[in-house]
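Participant: Before I ask anything, let me first share the structure, which is written out below as C-alpha cells.
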Amino acid sequence: MKDKDPSLKNAGINTRLSHIGNSPSDYYGFVNPPVVHASTVLFPNARTMETRAQKYTYGTRGTPTTDALCEAVDALEGSAGTILVPSGLAAITVPFLGFLSSGDHALIVDAVYGPTRIFCDTMLKRLGVEVEYYDPSIGAGIEQLIRPNTRLVHTEAPGSNTFEMQDIPAISATAHRHGCVVTMDNTWATPVFFKPLDYGVDISIHASTKYPAGHSDILMGTVSANAEHWDRLQEANIALGICGAPDDAYQVLRGLRTMGVRLERHQESALAIAKWLEGFDDVARVLHPALPSFAGHELWKRDFKGSSGIFSFVLAADSASRFKSKAHAFLDALSLFGLGYSWGGFESLALHVNLNDRRICKAPSEGPVLRLQIGLEDVADIKADIERGLAAARVV
C-alpha cells in the first residue's frame with residue numbers, strides 16, 4: 001500500500017511520519033483517528049452478513065483505528081499489507097506458524113532474539129519443524145545449508161545483543177532461488193533506517209513496543225508482507241485469532257509521529273557514547289555497527305541509513321570467574337540507567353547479556369557483554385553514570 005496523499009511520496013521522513021495513516025477528513029477534521037472498540041459488528045441484512053460484503057465484519061479483523069496504523073506502516077514499509085499482533089515475539093511466531101509445516105526445515109540466524117530461539121526449540125520442534133542455526137556472516141554461502149525441504153530463512157540485522165550484520169540482499173536472493181520465504185526482524189533499525197522489502201525480504205517484522213511506541217508502556221508487533229506473501233500471512237493471522245488492541249494501536253500511531261526526531265536523538269547520543277567508550281582501557285570492545293572498528297561496519301554503511309540507540313560493549317576482565325561480578329558491580333552502581341528489559345523508550349536502560357544459548361556466535365572471551373539502551377537524557381549525564389559503573393567494576 002502507498003501513502004494516501006501522492007504528495008507525500010517523495011517527502012522527508014518526518015513529514016511522512018506526521019501525515020501517513022489516517023486522513024483527518026475521514027473523521028470530521030480531527031487529526032487523530034477515533035479509538036473504535038469492537039467485537040460485534042452489525043450487518044444491514046442477511047445477504048450482507050452471509051457474504052461479508054462490508055469493510056468491517058468482526059473486531060479481530062480490524063477497526064478504523066487498527067487500519068490507520070496498518071496503513072501508516074504499509075506506507076513506511078512499502079508493503080502489500082500489515083497485521084498487528086500483541087507483542088514483538090508474536091510478530092515472529094505468527095509468520096513462522098503461517099509458513100512452516102511438519103517436515104519442513106527452517107534456517108534461523110544464530111544471533112537471533114532469545115525468545116525466538118526458545119519458540120523454535122520448543123513449539124516448532126513439537127510441531128515437527130527442523131530448525132538449523134546459521135552464522136550471520138554466511139551471506140550467499142547460505143546456499144550450502146538449504147535443503148529440498150527448507151521453507152523459511154529468518155534474518156535479524158543487527159543481531160540481538162551482539163549486533164552482527166548480515167548481507168540481506170545476498171541471503172534473500174539465494175533463498176529465493178530455492179523457493180524459501182525470507183523473514184527479517186528489523187526492530188533495531190525501523191523502516192526509517194532500513195526497509196527490508198527493498199532488499200529482497202518477503203516479510204518485515206517489528207516489535208513496535210520499541211521505537212514506534214517509544215514510551216515503554218505499550219506491547220505490540222507489526223508484520224508486513226510483500227504482495228506475493230500477503231494473502232497467506234493474513235490467512236494465518238485470521239486462523240490464529242491474533243490481533244492488536246485498538247487502544248494500543250492508537251498509542252503506537254501517535255508514537256510514530258515523533259519517531260523520526262526521537263531516532264535522530266537516540267542515534268546521535270548512542271554513537272557519541274559508543275565512540276567515547278572505545279577510549280577506556282576497561283572496555284575491551286564496543287559492539288556498534290556504525291563504528292568503523294566493528295566487523296560488520298561496511299555492510300551497515302552499504303545498506304542502512306542510520307543507527308538506533310542500542311548497542312553493547314565488552315567490559316574487560318582478566319578472568320572468566322570475574323565476568324558476572326564485574327558486570328553486576330557496573331550495573332549496581334548506575335543511578336540514571338534503569339536495569340530492565342526491552343528498549344526504544346525515552347529512558348536509558350542497561351543489562352548483562354546472557355549468550356549461553358548461542359551455537360555459533362559464541363560469547364566474547366575478553367569479558368562480560370553489557371547492553372546499553374541510550375535514551376533521551378543529556379549525553380553528559382549518561383556519560384557520568386557510565387563512569388560510575390566503570391569505576392565500580394574496576395575494584396572488583
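Here is a yes/no grid of residues against (1) out of contact with any helix residue (DSSP H, G or I) (no Cβ under 7 Å at 6 or more places or on another chain); (2) open to solvent by 20 Å² or more (accessible area, probe 1.4 Å); (3) of a type outside the set (Gly, Ala, Ser):
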residue	(1), (2), (3)
289	no, no, yes
294	yes, yes, yes
311	no, no, yes
320	yes, yes, no
325	yes, yes, no
328	yes, yes, yes
338	yes, yes, no
350	no, no, no
353	yes, no, yes
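Participant: Here's another thing I want to ask about it. For segment 375-396, which positions are assigned to a helix (DSSP H, G or I), surrounded by fewer than 17 Cβ atoms within 10 Å (Cβ to Cβ) and aliphatic (A, V, I, L, M)?
Facilitator: Passing the criteria: 379, 380, 384, 391.
Participant: Given (1) aromatic (Phe, Trp, Tyr); (2) within 25 Å of residue 343 (Cβ to Cβ); (3) assigned to a loop (DSSP other than H, G, I, E, B), where does residue 56 come up short, assuming only one miss?
Facilitator: Unmet condition: (2).
Participant: If you scan segment 98-109, which residues turn out to be in contact with a helix residue (DSSP H, G or I) (Cβ under 8 Å, 6 or more places away or on another chain) and either more than 25 Å from residue 167 (Cα to Cα) or surrounded by 22 or more Cβ atoms within 10 Å (Cβ to Cβ) (or both)?
Facilitator: Selection gives 98, 106, 107, 108, 109.
Participant: May I pose another question? Residue 31 passes all but one of (1) in contact (Cβ under 8 Å) with a residue 24 or more places away in the chain; (2) among the β-branched types (Val, Ile, Thr); (3) assigned to a loop (DSSP other than H, G, I, E, B); which number fails?
Facilitator: Checking residue 31 against (1) in contact (Cβ under 8 Å) with a residue 24 or more places away in the chain; (2) among the β-branched types (Val, Ile, Thr); (3) assigned to a loop (DSSP other than H, G, I, E, B), the one that fails is (1).
Participant: Considering only segment 167-195, how many residues are under 30 Å from residue 338 (Cβ atoms) and open to solvent by less than 10 Å² (accessible area, probe 1.4 Å)?
Facilitator: Adding up the residues that qualify gives 5.
Participant: Look at residue 260 and say whether it is within 16 Å of residue 208 (Cα to Cα) and buried (at least 18 other Cβ atoms within 10 Å of the Cβ).
Facilitator: Yes: the conditions hold for residue 260.
Participant: Is there a residue being buried (at least 16 other Cβ atoms within 10 Å of the Cβ), in a loop (DSSP other than H, G, I, E, B) and of a type in the set (A, V, I, L, M) anywhere in segment 10-26?
Facilitator: yes
Participant: Check segment 100-111 and report whether any residue there is assigned to a helix (DSSP H, G or I) and either within 27 Å of residue 239 (Cα to Cα) or within 24 Å of the chain's Cα centre (by Cα) (or both).
Facilitator: No; the residues of segment 100-111 include none that is assigned to a helix (DSSP H, G or I) and either within 27 Å of residue 239 (Cα to Cα) or within 24 Å of the chain's Cα centre (by Cα) (or both).
Condition check ((1) at pLDDT 95 or above; (2) farther than 30 Å from residue 255 by Cβ; (3) touching a Ser or Thr at 6+ places or on another chain (Cβ under 7 Å); (4) in a helix (DSSP H, G or I)) across all residues:
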{"residue": "122", "(1), (2), (3), (4)": "yes, yes, no, yes"}
{"residue": "139", "(1), (2), (3), (4)": "yes, yes, no, yes"}
{"residue": "154", "(1), (2), (3), (4)": "yes, no, yes, no"}
{"residue": "160", "(1), (2), (3), (4)": "yes, no, no, no"}
{"residue": "182", "(1), (2), (3), (4)": "yes, no, yes, no"}
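Participant: With (1) closer than 17 Å to residue 195 by Cα; (2) open to solvent by 30 Å² or more (accessible area, probe 1.4 Å) as the list, and residue 275 as the residue in question, which single condition is left unmet?
Facilitator: Residue 275 satisfies all of (1) closer than 17 Å to residue 195 by Cα; (2) open to solvent by 30 Å² or more (accessible area, probe 1.4 Å) except (1).
Participant: Next question. Identify, please: which residue in segment 119-156 is over 21 Å from the mean Cα position of the chain (by Cα) and of a type in the set (Ser, Thr, Tyr) and is, among those, farthest from residue 203 (Cα to Cα)?
Facilitator: Here the answer is 122.
Participant: A further question on this structure: Looking only at segment 73-84, decide whether some residue is touching a strand residue (DSSP E or B) at 6+ places or on another chain (Cβ under 7 Å), in a loop (DSSP other than H, G, I, E, B), open to solvent by less than 30 Å² (accessible area, probe 1.4 Å) and within 25 Å of residue 189 (Cα to Cα).
Facilitator: Within segment 73-84 (the criterion being touching a strand residue (DSSP E or B) at 6+ places or on another chain (Cβ under 7 Å), in a loop (DSSP other than H, G, I, E, B), open to solvent by less than 30 Å² (accessible area, probe 1.4 Å) and within 25 Å of residue 189 (Cα to Cα)), the answer is yes, since at least one residue qualifies.
Participant: Turning to a different aspect of this structure: Any idea which of (1) surrounded by fewer than 24 Cβ atoms within 10 Å (Cβ to Cβ); (2) in a helix (DSSP H, G or I) is the one residue 148 doesn't satisfy?
Facilitator: (2)
Participant: Quick check on segment 157-165. Is at least one of its residues touching a helix residue (DSSP H, G or I) at 6+ places or on another chain (Cβ under 8 Å) and either within 20 Å of residue 90 (Cβ to Cβ) or among the aromatic types (Phe, Trp, Tyr) (or both)?
Facilitator: Looking through segment 157-165, at least one residue is touching a helix residue (DSSP H, G or I) at 6+ places or on another chain (Cβ under 8 Å) and either within 20 Å of residue 90 (Cβ to Cβ) or among the aromatic types (Phe, Trp, Tyr) (or both).
Per-residue answers, yes or no, for (1) without any contact (Cβ under 8 Å) to a residue 60 or more places away in the chain; (2) farther than 30 Å from residue 374 by Cα; (3) of a type outside the set (Asp, Glu):
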| residue | (1), (2), (3) |
| --- | --- |
| 81 | no, yes, yes |
| 93 | yes, no, yes |
| 99 | no, yes, yes |
| 112 | no, no, yes |
| 124 | yes, yes, yes |
| 136 | no, no, yes |
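Participant: Name the helices (runs of 4 or more DSSP H) wholly within segment 209-316 that hold at least 2 residues that are in contact with a strand residue (DSSP E or B) (Cβ under 7 Å, 6 or more places away or on another chain) and touching a residue at least 24 places away in the same chain (Cβ under 8 Å)?
Facilitator: Per the criteria, 227-240, 246-277.
Participant: Please find, among 357, 332, 303, 282, the residue that is open to solvent by 70 Å² or more (accessible area, probe 1.4 Å) and not aromatic (Phe, Trp, Tyr).
Facilitator: 332
Participant: Answer yes or no as to whether residue 69 is assigned to a helix (DSSP H, G or I), closer than 30 Å to residue 160 by Cα, open to solvent by 50 Å² or more (accessible area, probe 1.4 Å) and not acidic (Asp, Glu).
Facilitator: no
The values are calculated or read from the model by the stated rules, or taken from the named source; none is laboratory data. The structure displayed is predicted, hence computed values, not measured ones. So basically every Cβ, Gly included, is an ideal-geometry build from the backbone, and we count neighbours across all protein chains shown. In case anyone asks, the SASA skips ligands and DNA or RNA and just uses the protein heavy atoms, side chains included. Shrake-Rupley method; radii C 1.70, N 1.55, O 1.52, S 1.80 Å.
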